Structures are given as structure tokens and as C-alpha cells.
Amino acid sequence: MIKRTFLAVIGAFLFLSVLSFVSGDNISAPKKQRVIKTIIVDAGHGIRPNGGYDGAKGSYSWEDDICLSISKLLIQDINREFPEIRIVETRPSDKITSLYRRAEIANENNGDIFICIHVNAAPPQRRSELLGYKKVTYYVGKGKNRKKKTKEVPQYRYWTEPSKARGTETYIWGAHKTEDKELAVRENAAMMEEENYKEKYGAVDVNSPEFVVMALLKTKQYFKRSATFAGMVQDEFVKVGRVDRDVRQRGVGIWVLQATAMPSVLIETGFITNREEEDYLNSKEGQQEISNCIITALKNYVAWLEKKQEDGEKESKDDAASDKPSSTAATRHFLEMVEQNEKSKQVK
Ligand SMILES: [Zn+2]
């Protein structure tokens, strides 16, 4: 009797081991997930309620209209190249959407990447030219001692010229704005549920230390992804011969980039204040070229994310330093900066 019970226990144990081995195998088998399900396309600016344009003015066109045209073209191209990806527009018409609402739309729709389309502007440059000298008479002293004198005064001509600034630049949020981004991640806790947060950590308590740590890790992951995608976008612009103004971080003014709880980039597609670029930005060919560049960058970004997924998605604390995305020096510079930020925090 005892022997039989013992054997039964051993048998059950073996059976369970096999079962757990099988089910364990199932769990560890990489579940191939779509790395991007939703893209948020954010056309900058738009016509204000009072009827005025919000964006920059060129010599004959407005930033608002160009942003919308490029965004519409980009959406059409994403639909064709990535039919399985859902696209959400924050500004579907010529009317303006508030910045707050843009971030809200992006977050409500659980975007996987936020692509913001803008057009750059540079103030006109003041120029001067020396025309010659003019003889000016003046007097010194008083009464008897009063003397007449002359002097040469330079004569200038002043005028303004449109800035020569040209090219594209892609922004990500500034590293010093990381706390804002982290807040956005925490405030949009519902998004975490999509990524099995509940299964892993239980109900979302945004104030729990675990959640705060997780939000920080997410923020770092978003920074890395934003910098990588931004670098890929700039790489494509360079390939078609645009002037590269690099990936940049902006301290102020791009609130949407830190308010969206997802990787986010803002693309300044060219300068409306440069006549040649204004023509390019308004042309069908120019707009198509810009869209093509973003589409190729998206393909590279998706491939990079898929590779990451295959490698086991080991995006841990030191990941930012150890793994090198295929991109520009600027991207690497950002990643180094994140690492340094992290080190300085640890020292404190
Ligand atoms: Zn703008």
C-alpha cells in the first residue's frame, strides 16, 4: 500500500514535470507579436477658430497646409506599405487641434509611435552695406571759443534677406524633459494593460514603487526608440540629398513630444523661408520624396524592433549602452547621454 502510494506520487511527479516542461516550453517560445500596431500621424498647426493660420508663413504658402498635405500622403503610403497598421490622425482637416488634444488622442489610441510633421522657418537676416562717408559739421566750445568742425560719418544701407537656412531636422524630446515623459507614461497607465502589465504585476497602482520604476524603464525605452527612429529618418533624407541638420533635442516648444506616452518624433521637413525649399515643400514630388523617406525609415525601424523581439526583448537598464542601433552619430550621442544621465543619478 505504502509502496503503491509512493509509486503513484513518483508517477504523478514525473507526469507533472513533463507537463510543466511542455507548458514551460510553450511559455518561453517567442510569441511573435506585431511590433507596431498603431501609428499616430500628427500634422502640425492648422487654421485657428478665428480663421488665421497658426504655422509659419513662406513667400506664398503656409506651413499648416504643407503639414497636412505631407501627412495625408504619408498616411496613404503607410496604408499601402503596412496595411495591418492602424493609423490615427490628430489633425484630419485644415482646422487646428489643440496640443493637449493631440497628446490625448495619441495616448487614448495606444500609439506605438507618434510622428509629428512640421515645416521649419528661420527669421530674415538683416544685412548692411557701407555706401560712403558724409561730411557733417558740428561745433565745440562756447562764446568766443566756439569752433566749427567737420567729421566723416559712414553711411549704411540696411535691408533684410530671407535666411539661407535649409534642410531637415528631426526632434525628440529633451533628456532634461524625461520627468515629464515619465509622468505621461504614469498618467497613461491604461496603456500598460495592453502589454500584460496586469498579468505580471497585478492591478495598476500608479503610486506603487514597482510602477514608478517600470514607468522610468518605459521612458528610457521610448527615448531610445525615438532617437533610433529619428536617426533613421535623417539617414533617409541624407540619402536623397537633403541638407542634414541632424537629430536634435529641443528644450521648449515641443510639448507633444513629452506628453505622449510612446516613442515620438517631430520632423521639420524643410524651410518655408527658403524660396527653393518652399517650392520643394509645395511640390508633389517633394512631398512624395519626404513621405518615401519616412516610409523607408519606418521599415528599418520595424525591422529593428522585430530583431529586438527575436533577441528576447532584453531592454534592461544597461541595454541603452550595450546595443547599438544602426543609425547616425547623433543617435549614439543621445544614447551615451542617457547612460551618463543614469550614471549621475546613481552617484547621487
Ligand atoms: Zn511648426
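What to note about this one:
- Each Cα pair under 8 Å and six or more residues apart adds its separation to the average, and for the stretch 47-137 the resulting relative contact order is 31 percent.
- Residue 133 versus residue 98: modelled label distance in nm, points set 7 Å from Cα along the beta carbon direction: 6.2 nm
- As a proxy for reagent exposure, ranking 232, 214 by other Cβ atoms within 10 Å from fewest up yields 214, 232.
- In range of the label at residue 153: residues from the stretch 88-128 whose backbone nitrogen is under 15 Å from the point 7 Å along Cα→Cβ: none
Only the coordinates and a few stated rules stand behind these numbers; no lab work does. Worth saying up front: this structure is predicted, and the values here are computed from it rather than measured. Cβ: placed from backbone, ideal geometry, glycine included. Neighbour counts: every protein chain shown.
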